[in-house]
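What follows is a set of notes on a single structure, which appears directly below.
The values are calculated or read from the model by the stated rules, or taken from the named source; none is laboratory data. Source: prediction; values computed, not measured. Virtual Cβ from ideal backbone geometry, glycine too; neighbours counted across all protein chains shown. These area figures cover heavy atoms from the full protein model, side chains too; ligands, DNA and RNA do not enter into them. Shrake-Rupley method; radii C 1.70, N 1.55, O 1.52, S 1.80 Å.
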Amino acid sequence: QVQFVESGGGLGQPGGSLRLTCAAPRMIFSTFAPLDLGWYRQVPGKQRELVASIYSDLRTNYTDSLKGRLTISRNNSRKTLWLQMNSLKPEDTGVYYCNRLRDTGSWGQGTQVTVSS
């Protein structure tokens with residue numbers, strides 16, 4: 001059963017911005033709020049990697065290569081997670097997923113981000 005539904009990807013211009021959204025429609029607030037969550041990226045031929053995380057206490061963490069260009073945020077009452085991506089680069093291209101940081105379980109379909117001029 002899919003836990004998370006990602007959206008907001010698309011074709012972005014180098015230097016531009018995209019905002020990804022992750023919804024958890026089947027969760028209730030009391031399940032979503034305590035979760036430590038993350039955005040992951042997968043590119044062909046490579047393992048899925050964690051690029052940004054946000055904990056239940058709202059602490060955030062980013063992979064070094066993307067730090068300064070990403071902002072992760074959440075709204076527990078809306079059971080939603082976002083990833084703001086700025087100053088896009090072609091190497092940001094990939095499929096982005098959201099999930100728990102631990103015991104990920106099933107994965108959603110992800111949202112494709114393509115950065116190209």
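In whole percent, and with a 1.4 Å probe on the protein chains, what portion of the accessible area of the chain is carbon and sulfur?
On the way: 2920 of 6180 Å².
So the carbon and sulfur contribution to the accessible surface is 47 percent.
Just the C-alpha atoms of the chain: what Rg/Rh do they give, with Rh taken as the Kirkwood radius?
On the Cα set of the chain, Rg over Rh gives 0.95.
Could you give each residue of the range 20-27 its phi-based ³J(HN,Hα) in whole Hz, using Karplus coefficients 6.51, -1.76, 1.60 with θ = phi - 60°, and x for Gly or Pro?
Values, residue by residue: 8, 10, 10, 10, 10, x, 8, 8 Hz.
Using Stokes-Einstein with the Kirkwood hydrodynamic radius over Cα pairs, what translational diffusion coefficient do you get for the range 1-70 at 25 °C and a viscosity of 0.890 mPa s, in µm²/s rounded to a whole number?
176
Which value in nm describes the separation of the simple spin-label points at ILE28 and SER116, placed 7 Å from the Cα toward the beta carbon?
Computed distance between label sites ILE28 and SER116 equals 4.6 nm.
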